[in-house]
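This report concerns only the one structure given below.
A short reminder: the numbers here are calculations on the coordinates, not readings from a lab. Nothing here was measured: the structure is a model prediction, and the numbers come from that model. Don't worry about glycine lacking a Cβ; one is built from the backbone with ideal geometry, like all the others, and counts go over all protein chains shown.
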Amino acid sequence: MIFVLAVEITTAFHTFGHILSGKLVNSSMDELLIATTRDVNLYHGDQSRVPGHVHLVRSVGGPLFNLAIAGFFIFLSNRSAPVISSNLLASLISTNLFFGIGSFLPLRSVDGEVIWREILHLFRARSQI
């Protein structure tokens, strides 16, 4: 039950990272669809007109926020006085690391698909100069 709670909290952190990064590039998501299996960010309008760097920043926001939160929880775990249950803390560290690192994998419907697509577009554009 603690692990399930950690996954739900981690999912909220991931989504919050996307919201923050979208705000950073003035292109936040229009809707957040919370489905039974996972959350989906929805963007209305023609996304092909949105510059590549906007897609890239929006996509890395979730994983980077998870990695930052994992670092924060690792810091908390090293403190002598436990602030959170050690089982919950361990679960939060592992799930945030999993979400953070796993989101960079170039898999369909994962942030990594957009991240690597936009990085490849940048390299292709620079190689044609």
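With all pairs of separate Cα atoms included, the chain yields a Kirkwood hydrodynamic radius of 15.7 Å.
Subtracting the Cα-Cα distance from 0.36 nm times the residue separation, let me have the gained length for Gln128 to Thr36 in nm, one decimal. Can you show the working numbers first?
Values: separation 92, 0.36 × 92 = 33.12 nm, distance 4.37 nm.
Value of the extension gain: 28.8 nm.
Once the Cα atoms of helix 2-24 and of the chain are each reduced to a long axis, what angle between those two axes, in degrees from 0 to 90 to the nearest 10, is obtained? Once rounded, the angle reads 40 degrees. Three principal axis extents describe the C-alpha atoms of the range 2-77; from largest down they are 44, 28, 14 Å.
Test of understanding: what is the full-extension gain from Gln47 to Leu5, defined as 0.36 nm times their sequence separation minus their Cα-Cα distance?
11.7 nm
Please return the longest range in the chain lying between exposed loop sites, taking trypsin sites (Lys or Arg not before Pro), DSSP loop only, at most 10 other beta-carbon atoms within 10 Å, and leaving the sites out. Intermediate results must be reported in sequence, preceding the final value.
On the way: sites that count: Arg79, Arg108.
So the longest stretch without any such site is 1-78.
The C-alpha atoms of the chain define a longest principal axis, and helix 52-77 lies at about 10 degrees to it.
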